[in-house]
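These notes are about the structure you will find just below.
The values are calculated or read from the model by the stated rules, or taken from the named source; none is laboratory data. Keep in mind it's a predicted model, so treat the numbers as computed, not measured. Note that we place each Cβ from the backbone using ideal geometry, even for glycine, and neighbour counts take in every protein chain shown. The accessibility values were calculated without ligands, DNA or RNA, using every heavy atom of the protein model including side chains. Shrake-Rupley method; radii C 1.70, N 1.55, O 1.52, S 1.80 Å.
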Amino acid sequence: MLPLSLDIALSHIRSRKRQALVSVLGVAIGVGFFIALSGMMNGFQDYYRTELIESNPHIVISDEYRTPALQPLEGAEKDAVLDIKRVLPRDPVRGLANAPRIMRALDLMPGVHYAPTLSGQLLLRRAGRDYAVSALGIAPLKEERASNLVRDMNQGSLAHLAAAADGVIIGAKLAEKMQAGIGDTLAVAARGGRATLRVVGIFKTGLEQLDAGRVYVNLTKQQAMQGRARIVNQIRIRLADIRQSIPMAEMLESRFGYKAAPWEETNSRILSVFVLQNFIIYSTLTAIMLVAGFGIYNIISTVVGEKARDIAIMRSIGLPAPAIVRMFLVQGLIVGTIGALAGCVMGYFMARGLAMVPAPGATEPGQTLRVLIQGWRFVLAGGIALLIAAWAAWLPARRAARTNPLNIIRGAT
Amino acid sequence: MSVLATRNLTRHLHDGEVEFTLVEDVSVSFAEGEFAVITGPSGSGKSSLLYLLGLLDVPTSGDVLLDGESTARLPEDARAALRLRHFGFVFQFHFLLPELTVLDNVMLPMRQLARLDEAAMRSAARGVLAGLGMEDQARKLPSQLSGGQRQRVAVARALANQPRFILADEPTGSLDSRNSAAVFAMLQDLSRRGHTVIVVTHDADFAVRAGRRIKLVDGRQKPEVRIQKSEI
Ligand SMILES: Nc1ncnc2c1ncn2[C@@H]1O[C@H](COP(=O)(O)OP(=O)(O)OP(=O)(O)O)[C@@H](O)[C@H]1O
Ligand SMILES: [Mg+2]
């Protein structure tokens, strides 16, 4: 036999089938949309995030300090007010002073791939015209495992660059402008003097700025052209386990002193946009469920009003107030549970449907929206729905339990 | 030995500035197995007294003693538990739950008390219904019964937990004379079996046949008298 309050709750719901069905539908729609839309939004963010992670280094060690070095005097007297004037920045030659030591240490860390770079401007000359480009000196074989350059190669390869000390890999746009192809030579003017480079590869990222303005050369060649022998100004790191980025960056920074920025820091603006986006979507979806809660409040209120006499009878028989509250709470939870379950089914199919919609601005043909279908979404949406249902039922239930049964018994006899 | 008694029982009701007197300084006591009626003109406070006796209402002052124990200061949940265990109410209107069958209505107090298992409850409820000649109606809904039948179901429900006290407020008020007589006989029978029965009634025959009559006027108790037919 069912517990008494459940039995009576069911009899009440049965007496208001149509209204109960509408409330169930309200909850189901709320839960369904919650699951599908939050899944879609987070799917988009997830897609974007992996793109970011894939196309950017996970950690960048650069030749900067997070805080300017203390002046010797500043450390001397802790709370003293100092007025130091005419401070000239030290370090005219920028770069990671102890790059070889850092790289040796990185070599020993499992799951860490790195690529050192030295950036600097070059002036390429071809057919009497000059093209100012930003050149990255790279270690080609290391670069292979630490960035996306391999993926973006159109012609030639990083191996070709490794094999040719004076090789250069240029962007597709630049190649088009200069009318240069594999094997062509380019005259170069740089800080360290003149040189000649031979095109060994062409890459295409789809980003105009890179394809027209970026070239890759060997690190040693770049060091020579820039007149900065053995200098490196960035070490880009990729991790086997992306979740280690922040602790790893902190460790590297405290160990070597140079600024080590995890990708979360470099992309903090877009990530904070995601946070705002999530706040908006989740609060909107919760508001939809709150509206569904009104439906439950409505039906329970009606039943409480309608059954005032029955409640008075039960109280007079000796059912305590909590039993009455339970009876109506259970009704709300029944509507909420059925609605939540129906909403989970609905949300699942909505999500599956959305996942078949072609993605706007797709970079590959046949690409569709990424929609996350995850267990916790169902649990969260269902949980919020049940909480709201319980609350929406509890308000009228408490009213039912508080009214003095004698008011009704006196009035009727 | 009195099992249920009142001591200077007073109940006032406030409606804004105005104060109504429902019951004023009533001290009565009931013995086990007694059959008592409460009579009085309309508005004299009979129902109010019955609610106080049945721990449905809380006195403004004075007390209701159950087995000599004070109940006036008990919290509502404790009073509810005592009602469930010791009191059966029959109101003027049948007051059955319309969605539940006759059997389920009778089982309602048993299920709340939860002293028996389901099978035992069922057979006990059937037994009570059979005692009232209602065994064939067990599966019906209240709306499928006549007024007299409903009232008998209400009595059956009042008896469900074998309460020591049966409190009835004009239980025959909506019945014809034949049904009234049947319900009255039933209540009398219960008192013979050891239940203490207290009935509010306007019915002269009832009053005469009861063992004892308590008369109220304006919420006050009149001296108890030997019952004679001419008085009512
Ligand atoms: N809610 C209320 N507000 C104000 N006065 C009330 C209320 N309920 C009852 N009364 C008054 O209290 C008094 C006692 O009422 P009660 O119902 O106990 O009388 P009764 O003897 O049962 O009458 P009846 O024979 O008509 O049922 C009456 O004067 C009635 O008007
Ligand atoms: Mg009355």
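Values computed for the structure shown
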read-out	value
Of the criteria (1) modelled with pLDDT under 85; (2) open to solvent by less than 50 Å² (accessible area, probe 1.4 Å), which one B:Leu187 fails	(1)
Residue in the stretch B:190-208 that is most open to solvent (accessible area, probe 1.4 Å), counting only those that are modelled with pLDDT under 85 and away from ligand 2 (no atom under 16 Å from the Cβ)	B:Asp205
Count of residues meeting criterion [modelled with pLDDT of 90 or more and assigned to a loop (DSSP other than H, G, I, E, B)] in the stretch A:157-198	10
All positions within the stretch B:49-70 that are within 14 Å of ligand 1 (Cβ to nearest atom), more than 25 Å from B:Gln188 (Cβ to Cβ) and within 17 Å of the chain's Cα centre (by Cα)	B:Asp57
Selection from the stretch A:246-271 of residues that are closer than 24 Å to A:Glu51 by Cβ and modelled with pLDDT of 90 or more	A:Ile246, A:Pro247, A:Met248, A:Ala249, A:Ala260, A:Ala261, A:Pro262
Any hit, the stretch B:118-125, residues being closer than 27 Å to A:Pro405 by Cα and touching a helix residue (DSSP H, G or I) at 6+ places or on another chain (Cβ under 9 Å)	yes
Residues of the stretch A:390-413 that turn out to be more than 10 Å from every other protein chain (Cβ to nearest Cβ) and within 16 Å of ligand 2 (Cβ to nearest atom), as a count	2
Qualifying residue in the stretch A:9-18 (condition: away from chain B (no Cβ under 14 Å), surrounded by fewer than 22 Cβ atoms within 10 Å (Cβ to Cβ), within 45 Å of the chain's Cα centre (by Cα) and more than 24 Å from A:Leu285 (Cβ to Cβ))	yes
Qualifying residue in the stretch B:63-77 (condition: facing chain A (nearest Cβ under 8 Å) and surrounded by fewer than 20 Cβ atoms within 10 Å (Cβ to Cβ))	yes
Tally of residues being buried (at least 18 other Cβ atoms within 10 Å of the Cβ), of a type in the set (A, V, I, L, M) and part of a loop (DSSP other than H, G, I, E, B) across the stretch A:206-235	2
Hey, B:Phe30 out of contact with any Pro (no Cβ under 7 Å at 6 or more places or on another chain), at the interface with another protein chain (Cβ under 8 Å from one of its Cβ atoms) and open to solvent by less than 40 Å² (accessible area, probe 1.4 Å) or not	no
Neighbours by Cβ (under 8 Å, 6+ apart or cross-chain): first from the stretch B:34-48, under 21 Å from B:Gln188 (Cα atoms) and within 13 Å of another protein chain (Cβ to nearest Cβ); second open to solvent by less than 10 Å² (accessible area, probe 1.4 Å) and within 8 Å of ligand 2 (Cβ to nearest atom)	B:Lys46/B:Asp169; B:Lys46/B:Val200; B:Ser47/B:Asp169; B:Ser47/B:Val200
Selection from the stretch B:87-111 of residues that are more than 9 Å from every other protein chain (Cβ to nearest Cβ) and open to solvent by 30 Å² or more (accessible area, probe 1.4 Å)	B:His94, B:Thr101
